[in-house]
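Structure first, then comments.
The values are calculated or read from the model by the stated rules, or taken from the named source; none is laboratory data. Only a predicted model underlies this, so the values are computations on that prediction, with no experimental measurement involved. Please note: Cβ atoms are built from the backbone with ideal geometry, for glycine as well, and neighbour counts cover all protein chains shown.
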Amino acid sequence: MDTVAAAAAKAVPGIPRDEDGPVFREPWEAQAFAMALTLHERGLFTWPEWAAALADEIKRAQAKGDPDTGETYYRHWLATLENLVAAKGVATSETLHRYRDAWDHAADRTPHGSPIELTEEDFG
């Protein structure tokens, strides 16, 4: 495991992992993890700041009924990433939602097994 991923796994308790490091059930989970590592490396947040924000996100989800079985961990990770990006002024929540909706639209129109390609039409 690379040193940045190892530092993240050590600094942020609860990351699903095995003896080799973080584990992911879906490609998007690894991508969300990688985005957080990159933004941390670029100085957007510290690991203690990230861990606190992630813990707050998980607490909010549990208060709304999340059973905390571990299956939703990276959904919380992604929500934390979106919240911090918006809070730090990198992108607005509206922009993030606009792109999420566009990717959902692109995924809906893409045949299973084909690469998802985002087009201007997906923003309509």
Sole exception among (1) out of contact with any helix residue (DSSP H, G or I) (no Cβ under 7 Å at 6 or more places or on another chain); (2) touching a residue at least 24 places away in the same chain (Cβ under 8 Å); (3) not basic (Lys, Arg) for His97, by number: (2)
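One line per residue, one yes/no per condition, for (1) modelled with pLDDT of 95 or more; (2) β-branched (Val, Ile, Thr); (3) surrounded by 14 or more Cβ atoms within 10 Å (Cβ to Cβ):
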| site | (1), (2), (3) |
| --- | --- |
| Pro13 | no, no, no |
| Arg25 | no, no, no |
| Trp28 | no, no, no |
| Asp66 | no, no, yes |
| Tyr73 | no, no, yes |
| Val85 | yes, yes, yes |
Residue that is exposed (fewer than 13 other Cβ atoms within 10 Å of the Cβ) and in contact (Cβ under 8 Å) with a residue 24 or more places away in the chain, where the choices are Pro111, Pro48: Pro48
Lone unmet requirement of (1) of a type outside the set (S, T, N, Q); (2) at pLDDT 95 or above; (3) on the phi > 0 side of the Ramachandran plot for Leu44: (3)
Residues of the stretch 60-89 classified as of a type in the set (Gly, Ala, Ser) and assigned to a helix (DSSP H, G or I), total: 5
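Is there a residue being more than 23 Å from Asp68 (Cβ to Cβ) and of a type in the set (A, V, I, L, M) anywhere in the stretch 40-52? Please lay out each step first, then the result.
Of all residues in the stretch 40-52, those more than 23 Å from Asp68 (Cβ to Cβ) come to 40-46.
Checking which are of a type in the set (A, V, I, L, M) leaves us with 44.
Among the residues of the stretch 40-52, at least one is more than 23 Å from Asp68 (Cβ to Cβ) and of a type in the set (A, V, I, L, M), which makes the answer yes.
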Residues of the stretch 103-124 that turn out to be part of a helix (DSSP H, G or I) and farther than 28 Å from Glu41 by Cα, as a count: 10
Only listed residue being in a helix (DSSP H, G or I) and exposed (fewer than 14 other Cβ atoms within 10 Å of the Cβ), chosen from Glu57, Glu94: Glu94
